[in-house]
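Everything below concerns the one structure shown next.
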Amino acid sequence: MGGKPSSLDGHHALLGKGTEEEMEIFGYRSQVAKRVLCVAGYLFSCGALLLLFYWKPEWDVWATCVPCHLEEADTVLLRATDEFQRCKRKKVISLDLQNLLDSETPDELFSEDQESVINSAIARPGYKVKYIQVQKIRCVWNVSEKAFVRVGSLEDSNTCYQIHQKFGDGLTRKQQELRKMVCGPNAIEIEIQPIWKLLFKEILNPFYVFQAFTLALWLAQGYIEYSISIIIMSIISISLTVYDLRRQSINLHNLVKEHNKVQVTVWTKAKGEHQSESCNLVPGDVLLLEGQKHSLPCDAILLEGSCVVDEGMLTGESVPVTKTPLPQVDNVQPWKKHSLEDHRRHVLFCGTEVIQTRPSGKGPVRAVVLQTGFSTAKGDLVRSILYPKPMNFRLHKEAFFFIVGLVIIGLIGLVYAVAVFGSQGRPASETVTMALLLLTAAVPPAIPAALTTGIVYAQRRLKKKKIFCISPQRINICGQINLVCFDKTGTLTEDGLDLWGAIPCQGRSFLPLHSFSSSGPLPWGPLCQAMATCHSLLFLEGKIQGDPMDLKMFEGTGWEMQEPSSEKETGEMEAFPIVKPGATTSKAPLEGMAILHQFPFSSSLLRMSVITKELGKDTHGLYMKGAPEKVASFCKPRTVPPSFQVELKSFTAQGFRVIALAHKALSLDAGHNLRDLDRDELESGLTFLGLLVMENRLKGETRPVLEELREARIRTVMVTGDNLETAITVSRNSGMIPLGDRVILVEASDPEDPHPASVTWQAMEDTQPCKEKNHDFQDPCITIDGSSSSSTSFHFAMNGKTFQVLQKYFSPLLPKILMNGTVFARMSPGQKSSLVEEFQKLNYFVGMCGDGANDCGALKMAHAGISLSEQEASVASPFTSQTPNIQCVPELIREGRASLVSSFAVFKYLAIYALTQFFGTALLFWQLQIFGNFQYFTQDVCITLVVCLTMSLTEAYPKLAPYRPASRLLSPPLLLSVFLNVCFTLIVQIFAFRFVRHQPWYSPIRSHRGCPLGNQPILLGNGTGNATEPEDMVLSYEDTSLWAIVTFYCITVAFVFSKGKPFRKPIYTNYIFSIFLCIQLGLSLFLFFADIEAIYKGLMLICTPTIWRIYILIMVLVKFIVSFIVEDAILQNHRLWLWIKALFRFRSSSAYRVLQRQLQRDPSWPPLNQRDFAEDSKSEAYINPVFEDSDEDKPGLNSLSVQDANGTKILIQIHGEHRYKEDI
């Protein structure tokens, strides 16, 4: 809901357009007459209408309100724009500001901030504000824009100068009170849900409502014991669910409760400096930050001084970060655009810990409150937990359709029951009861639970493997993952970097390599000076802290770090970090150096720099370190060695991480304010100092895991912020790019007058420097060998800039590149999220594994995000592994597959059991009979329930199969399985029902007198009945025979559906299930053959001759053998289904499969040694028509502009038109 609403008409608008939380909003006005009619409907329907409106809030709004303009609405209907289109009713709340304003007017209070959303939200002359609360965010009605807009933060349109000017002196008391009333308190309040409310919500679940209806019928029919057992199980199920929800609510409440109890120092215009509760903070307040440690209660922009903060809550890396004040420059650009993506270096985020403050000479550290409450960074993290993104998984949608199908069968049974009982002249009450009973028999109430049993057990097994899950429903989705994105550093490779060597540069040539392992610290020189100062390290609590790479680099110099004890050391008013030569270093001709100012590292800029001063002298300098290509572009060309590209590639090709360092002498006046200096001006004309080579070793588990995933035909992709060459080398070394496969470098350029955007394709063989008009040193251009790539597999590699250009100007081409895209380097956090989303658009089920640093967005976006960090930021990731390597990925996929297969097996089992019992009951209805109470009890509770609870205990198969389990309930194998098994049991039931009547001992008498002697024919007066006794609703030979068939089939089909390999271990490894199955079979045989009169009376069975019982067993055995062969040899035969698909030319409709087939038919793919241009730099890209595969020619395709290896521009006319060459 971060964007402004887009008004479609007065009644309807879009809220948060273009964001993940985009919603449609509709305005309505309540009508008393409609409300009265609805209340009457609630009463006459005994609450059924109210329950329906609870499930369907949009119907409630339509029934009680009339559409109106949003400005006049007292009720709004919110509808998500995703495929789920969930609706929510919200009340429009009105605030009266008249008493608060008193004699002042809003124009006076907002005289310096006329553009404020709050000012625009106050309706004149009544001074009222209307707002709605949407997912904890308050949206006010903007009178001027005629739309609901988000409130709770300063406007992004403010420039740097305006923020200092408007808010630098704080707010008045009246301004604070007004902003607090409109924006709400600065609190992230998570209510601990009362037990009665959780209970109420759970009981009103449609599943439990249907179950209550079913139980009422069974109780009315006299099934007391069975109904009580179901009630007890439901109570246990509801209690466990409520307990779990309550525990989660308490945990989340405890996570944020401290946030609302922070004492802060605020500066206001009237009172000056004073203490206040953090909940009273409003956007625009000025905070004074003291030196002690404390957690930030809001997002704030730093105005004066600097801070050191721990942002582990946001980034997943518990590394101190230095924050610098917002520059007070006078320009028209909004403050965020002025700082580009690097604006975060000025922002103190809510929930992060301030470790240290560094006041400037003007006074204490000051920051202006930017955002409060749930609008803050921590609030957004909590909201992502409260309102997770719904996942589109067809399983749950198809489960609904499957249940609808069962309901239709039940309705047919209802009509059948009415016809049978009605034609026999039975009472209407009995007819209705029996008809409804047959309806409920077709839909087992445990079906929704069947989809979760496998998930629950898989989650428990994952927990034992130290993989924790906050979104259990995603476990089943993990069973469908067919593409996994990996971060590199800390995920595929070790966390820390080892210092391997340094190559100083002098006189435009590289000096011999200095090896740290054999030669010790780096000798004194410009490169050593740069390594000692150009970092973000801090001296805190008696030790050096900061980024691990910076720490390794600093240790390689042998220097020491300390905080200055007085300003005499630096001659400055502020306290700055000081570095001095250590005892083990070579003699240095200076006492030490002070680091006066930092330009922090940014993933968008790929560099950092510092301004330094020699102690005791007035000598200033700037040192820069960063990506070698980037640093070289800021250096004077005459200082960069000609062999720069060759030297760089020689190390990156071996998988080393390389950074470059540079220096520039500065002439600064004594009173110069460092924060007012222009970074772009300072970072120009530098002298290249050399390269620092760091070793980033692969983790021991990386290569075997990637090999396992490749054998399972699961794509692996690297998404990293590191250098492209290094990423490619690590991909090769890890086996992500197999030996012999080719890598094609894709490079795209933004439009540059007069040329449109372009993309080049080059196979990586060796590099040569690019000679450009502006700089001699750019990213390496990769030459190609002219051979075709069709003989081997190929992989595309690109950097973040190329990916961004492709997204913007070559969007039709991007999906085709992603089909073989394996390495994505120099990717920013936002680009990582976009890449995951693009893969999802191709219908891939995407997993993302990262260490939490800069991966949080992608982890949340993926179908299964796996964080290897235990920091608070990873809370929003669906899965967190405490084992810091990628072994968790195949473990999760294995458990996901096992859970999915188990869910399907239990689902099929329940469906077949219900239909088997349904048809058995329907056959008995033919003679106005029904199964007995304890007969149902033994089947439903003693067998079926136990099977459902234990079948999913089977663990995952240790080896990943090269194909995934079916993800659809409505797939042909599953539907055929249900259909054929139901047909088998129906045939056997009908045969037994008819065949028993032709036995010589058969009698239609329906009463029980004892068991027959031996196998003698039963005669009236000699056996079990008396013709004069009334007919019984249960006792009959048909009932006894059908009960035995249904009971034994419940056991045998459980065995049939417990298939092990390839996704689960064999059935005998599930000891609990196997033991229970054997016990059930043994007891059933005992009950069937025992001839114990008490048992037969209790179960309401009639004793039959032994030969008939053997016949029943033969029928069941034949049915079991047929079911097992059909299920195992046909329906679960993967190769057979592949053959059937090939025979009928069935092709997958997944977008990536369709695209894959198109590209396989294209002889010109992949393109090599050519450059494609966008048709218009301001519009969508014009792509080579041969890329747009189709079986038919496409009219309107004119020409393709490419560039060959000789630099000749070729314009090719398509479809037989003329061709010409033009030299350029």
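Couple of notes before you dig in:
- 5 angstrom amide H check on T619, placed H, neighbours 5+ away: E614
- With a Förster radius of 45 Å applied to the C-beta separation of R703 and Q807, the computed FRET efficiency comes to 0.90.
- For the stretch 948-957, 3J(HN,Hα) per residue [Karplus equation, 6.51 cos²θ - 1.76 cosθ + 1.60, θ = phi - 60°, Hz, x = Gly/Pro]: 4, 7, 10, 4, 7, 6, 4, 7, 5, 5
- Listed cross-link partners K587/K630; K257/K389; K271/K613; K201/K257; K488/K587; K816/K1061 are compared with a 28 Å cut-off, the Cα-Cα value being larger for K587/K630; K271/K613; K488/K587; K816/K1061.
- Multiplying the residue separation of K261 and V66 by 0.36 nm and subtracting their alpha-carbon distance yields 65.8 nm.
- Surface accessible to a 1.4 Å probe, E83 within the full protein complex, Å²: 110
- Extension gain, I228 to A212: 0.36 nm times the residue separation minus the Cα-Cα distance gives 4.6 nm.
- Three-way shape call for the stretch 1-136 based on the alpha-carbon gyration tensor, with the a/c threshold at 1.5: oblate
- Multiplying the residue separation of K397 and L928 by 0.36 nm and removing their Cα-Cα distance gives an extension gain of 187.4 nm.
- Residue-count net charge about N820 - beta-carbon cut-off 13 Å; Lys, Arg +1, Asp, Glu -1: +1
- Cross-link pairs exceeding 32 Å between alpha carbons, from the set K166/K617; K136/K625; K860/K959; K543/K860; K337/K860: K166/K617; K136/K625; K543/K860.
- Most to least accessible of W1137, W926 (protein chains only, probe 1.4 Å): W926, W1137
- Charged side chains reduced to their Cβ positions (Lys and Arg at +1, Asp and Glu at -1) give the chain a dipole of some 3480 debye around its Cα centre.
- Axis of helix 972-995 versus longest Cα principal axis of the chain: the two differ by about 10°, to the nearest ten degrees.
- Working from Cα pairs under 8 Å separated by at least six residues, relative contact order for the chain is 9 percent.
- Annotation for E563 and K587: the two label points, set 7 Å from Cα along the Cα-Cβ direction, are 3.4 nm apart.
- Listed residue (S1150, I1067, I1125) projecting farthest to the positive dipole end of the stretch 1060-1155, Cβ model: S1150
- Percent carbon-and-sulfur accessible area, the stretch 96-173, ignoring ligands, DNA and RNA, probe 1.4 Å: 43
- Rounded to 0.05, the FRET efficiency of the E20 and I412 pair, given R0 = 60 Å and the Cβ-Cβ distance, is 0.85.
- Rounded to the nearest 10 degrees, the angle from helix 829-841 to the longest Cα principal axis of the chain is 30 degrees.
- Debye log10 I(q)/I(0) for the chain, one point scatterer per Cα, at q = 0.06, 0.09 Å⁻¹: -0.66, -1.24
- Pair S518, K636: separation of 7 Å Cα→Cβ label points (nm): 3.5
- Across the stretch 37-56, no residue has a backbone nitrogen under 18 Å from the label position 7 Å along the beta-carbon direction of E83.
- Separation in nanometres of the label points that stand 7 Å from Cα toward Cβ, at F1124 and F991: 1.7
- Rolling a 1.4 Å probe over the protein heavy atoms leaves E311 with an accessible area of roughly 10 Å².
- Helix 1037-1056 axis, angle to the chain major axis (alpha carbon atoms, nearest 10°): 20
- Residue-averaged 222 nm ellipticity for the chain, from DSSP H runs of 4+ at -39500 (n - 2.57), nearest 500: -11500 deg cm²/dmol
- Modelled FRET efficiency - R0 45 Å, K56 with E681, Cβ distances, 0.05 increments: 0.10
- Beta bridges by DSSP in the chain, antiparallel share as percent, to the nearest 5: 85
- The stretch 60-104 and the stretch 717-742: distance between their alpha carbon centers, rounded to Å: 53
- Spatially, the stretch 1055-1106 and the stretch 580-649 are offset by 78 Å when compared through their Cα centroids.
The values are calculated or read from the model by the stated rules, or taken from the named source; none is laboratory data. The structure presented is a predicted model; accordingly, all values stated were derived computationally and were not measured. A quick note on method: Cβ atoms are made from the backbone with ideal geometry, for glycine too, and the neighbour counts reach across all protein chains shown. All accessible areas refer to the heavy atoms of the entire protein, side chains included, with ligands and DNA or RNA removed. Shrake-Rupley method; radii C 1.70, N 1.55, O 1.52, S 1.80 Å.
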